[in-house]
Amino acid sequence: MNREELEEMARTEREACSRRPRCIRVCTGTGCISAQSDRLAAALRERAAAGGITPDDVLEVGCMGLCACGPLVQTECSGNVYQNVRIEDADELLKAAQGEETSLQRCNTGMPFFTRQKKIVLENAGRIDPERIESYVSNQGYHALLDVLHNLRPAQVIEIITASGLRGRGGAGYPTGLKWATVAKAAGTPKYVICNGDEGDPGAFMDRSVMEDDPHRVLEGMTLGAWAVGASQGIVYVRAEYPRALKRLKTAISRAERHNLLGTNIAGSGFSFSIELRVGAGAFVCGEETALIASIQGGRGTPRPRPPYPAQAGLWNCPTLINNVETWASVPAILRSGSEWYASMGVGKSRGTKVFCLTGAVCNTGLIEVEIGKTLREIVFDIGGGIRGSGTFKAVQTGGPSGGCIPEELLDTPVDYESLRSLGSIMGSGGMIVMDQHSCMVDVARYFMEFCKSESCGKCIPCRAGTAEMALLLRKIAEGLADAADVQRLERLCEMVQETSLCGLGQSAPNPVRSTLRYFRDEVMAHVLEKRCPAGVCPITRQKGEPTHA
């Protein structure tokens, strides 16, 4: 496919869409699917003829963001978004699709949840049909790829990514351009490109949504990266718990190959690049680069010491470029609009935008994308709408099991890599859990430590034994069986595990505990010295017969 053919495909698709004014978009993101939006879409197709539309007018689109009000449905004729739509509302939706008055509850798209976001990675979510390459192309899809292949040298692409300030969105925030340059300079062939879709943080679904909602965006980003570093083979590693993402990626790869946007001699450029899927078994540790590579090679998913780094000796001991889903999805927009445009967003060394799963005790739970540098207060109280009901804010946990809990007095902290790290937390892949007064910070720390203990691969003693011992001490505190010496022992263990573990899982496992001891020490000591849980959650409360809030 050449540029003229791509433009023709985009034009034909836009014209076809303009002839379908009664289109209905049904959100089939993670949250809405759990509320049976897929069954709603099926019901709409069954009733389509009676409502004056065709089954093809009912589109299953990606996440519209506001999961708290799902299922969400948008009608093309008015642009209205309807919330909390049920299967029995299908007939009312068909009326709305024809511009008639309806009793359905409209979603206020002028609320801060929508207006205070900046969507780049999620720009197509809720708008395009993920199953059709034509839908992606009509929204500037693959335009950057063809421009780059015919107009830029690989080194120029790396310069643009470097100048943009893009950093890896998988957690550590390593400069993307520097990683690409390292792989490009590495000796040895073949070179590989890997997309890390092994999202494992509890409650996180950022990467899942991108793979389900806009799979071609990920493929285009990987192909651009492959051109830049000289790779010929790509792999998308996806956890088995994401069957919809796997299905849509498989379809996207097939469609891209059919239109010569993947495969041999892409768009007549002389560059060849193919992508295959690999399914992970759900081990959290496989989110670590070397463990992921071991899994792809058919081995046990355990990390290895570095150096050598995957950039020099990765998959099959060849130079390998690994980025996570969100990082790859950022690349096409940067190469379309330029490094200066992307670098104009953000603060300090943290540029661009970040996708978060905003969950917990907040009113507006869902999937959001904001410019880096917004404060925690803006995210929780403006975009998130504050605490549900009559609750009061207690803490926000960022970074998943590797992150930390941040108290109310630090809500004005900007959300960027360096600021969060200074608080004892991390950006992570994008989980953000809001907690109210009914959350016990000892219980939260215990939960994350139990998770890290169960997900430890066991290869190194500090992580294998240290996380188990820390989990035991936290259980003792929660049950009112610990003393002050146990708290000191817990602190020493945190330092030992962080300093001596082999990989990032063990090194960051103590973060939730350390932040709890740093900011909520009074609550910990209430369990230890007074044998009570201030939040009324822990076993101490049940043993004393007091009311619980669990």
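Its residue count N sets the reference 2.2 N^0.38 Å, and the alpha-carbon radius of gyration of region 149-197 equals 1.22 times that reference. Only protein heavy atoms count here; on that basis, with a 1.4 Å probe, Arg3 has an accessible area of about 70 Å².
Using the average count of surrounding beta-carbon atoms within 10 Å as a protection proxy, the listed peptides 435-448, 15-28, 464-477 rank, highest first, as 435-448, 464-477, 15-28. For region 243-302, the equivalent ellipsoid built from the Cα gyration tensor has semi-axes of 28, 15, 7 Å, listed from largest to smallest.
Adding -39500 (n - 2.57) for every DSSP H run of four residues or longer, then dividing by how many residues the chain holds, sets the calculated 222 nm ellipticity at -12000 deg cm²/dmol.
For region 289-328, the convex hull spanned by the alpha carbon atoms encloses 68 Å³ per residue. Taking the inverse of the mean 1/r over every pair of distinct Cα atoms in the chain gives a Kirkwood hydrodynamic radius of 24.5 Å. Taking the alpha-carbon distance from Lys453 and a cut-off under 20 Å, which lysines remain once sequence neighbours fewer than 8 residues away in the same chain are dropped? Once the sequence-local lysines are set aside, what remains near Lys453 is Lys476. Over all distinct alpha-carbon pairs, what is the Kirkwood Rh of region 367-410 in angstrom? After inverting the pairwise mean of 1/r, the radius is 11.6 Å. Approximating the spin labels as points 7 Å out from Cα along Cα→Cβ, the Arg304-to-Ala172 distance works out to 1.6 nm. Round to the nearest 0.05 the FRET efficiency obtained for Gln297 and Glu101 when R0 = 56 Å and r is the Cβ-Cβ distance. Rounded to the nearest 0.05, the efficiency is 0.40. A simple spin-label model places pseudo-atoms 7 Å from Cα toward Cβ; at Glu340 and Thr109 they are separated by 3.2 nm. The convex hull drawn around the Cα atoms of region 361-439, when projected onto a plane and averaged over every direction, covers 4.7 nm². Classified by the C-alpha gyration tensor, region 220-270 has an oblate form. Its axis ratio a/c, with a ≥ b ≥ c, is 1.5 or above, and a/b does not exceed b/c. Ordering Val380, Ile426, Leu490 by the projection of their Cα atoms onto the charge dipole of the chain, which places +1 on the Cβ of Lys and Arg and -1 on the Cβ of Asp and Glu, puts Leu490 at the extreme positive end.
Taking only the alpha carbons of region 1-106, we obtain Rg and Dmax values of 14.6, 48 Å in that order.
With Cα atoms as the point set, the radius of gyration and Dmax of region 445-550 evaluate to 13.9, 43 Å. Binning the C-alpha pair distances of region 24-86 at 10 Å intervals from 0 yields a P(r) profile of 26, 56, 17, 0 %, listed from the shortest bin outward. Each Cα pair under 8 Å and six or more residues apart adds its sequence gap; the mean of these over the residue count of region 189-297 is a relative contact order of 33 percent. Net length available on complete extension from Lys247 to Ala163 is 26.8 nm, with 0.36 nm assigned per residue and the Cα-Cα distance removed.
In region 194-241, one over the average inverse separation of all distinct C-alpha pairs is 11.6 Å, which is the Kirkwood hydrodynamic radius. The dipole here belongs to region 31-164: it is taken about the Cα centre, uses +1 on the Cβ of Lys and Arg and -1 on the Cβ of Asp and Glu, and is about 520 debye. Normalising the average separation of contacting C-alpha pairs (under 8 angstrom, six or more residues apart) by the number of residues puts the relative contact order of the chain at 13 percent. Packing-based ranking of 497-504, 407-414, 393-400 yields 393-400, 497-504, 407-414, ordered from highest to lowest mean Cβ neighbour count within 10 Å.
Any number yet on Rg/Rh for region 302-352, C-alpha, Kirkwood? A ratio of 1.14. Here the simple spin-label model places points 7 Å from the Cα toward Cβ, and for Asp38 and Arg492 these points are separated by 5.2 nm. Normalised by residue count, region 113-216 yields a Cα convex hull volume of 162 Å³ per residue. Surface exposure of region 229-331, expressed per residue as accessible area with a 1.4 Å probe, stands at 37 Å².
Take each peptide in 157-166, 176-185, 271-280, 480-489, count the other Cβ atoms within 10 Å of every residue, and average; sorted highest first, the result is 157-166, 176-185, 271-280, 480-489.
The values are calculated or read from the model by the stated rules, or taken from the named source; none is laboratory data. Since we're looking at a predicted model, the values are computed, not measured. Cβ: placed from backbone, ideal geometry, glycine included. Neighbour counts: every protein chain shown. These accessible areas exclude ligands, DNA and RNA; they are computed on the full protein's heavy atoms, side chains included. Shrake-Rupley method; radii C 1.70, N 1.55, O 1.52, S 1.80 Å.
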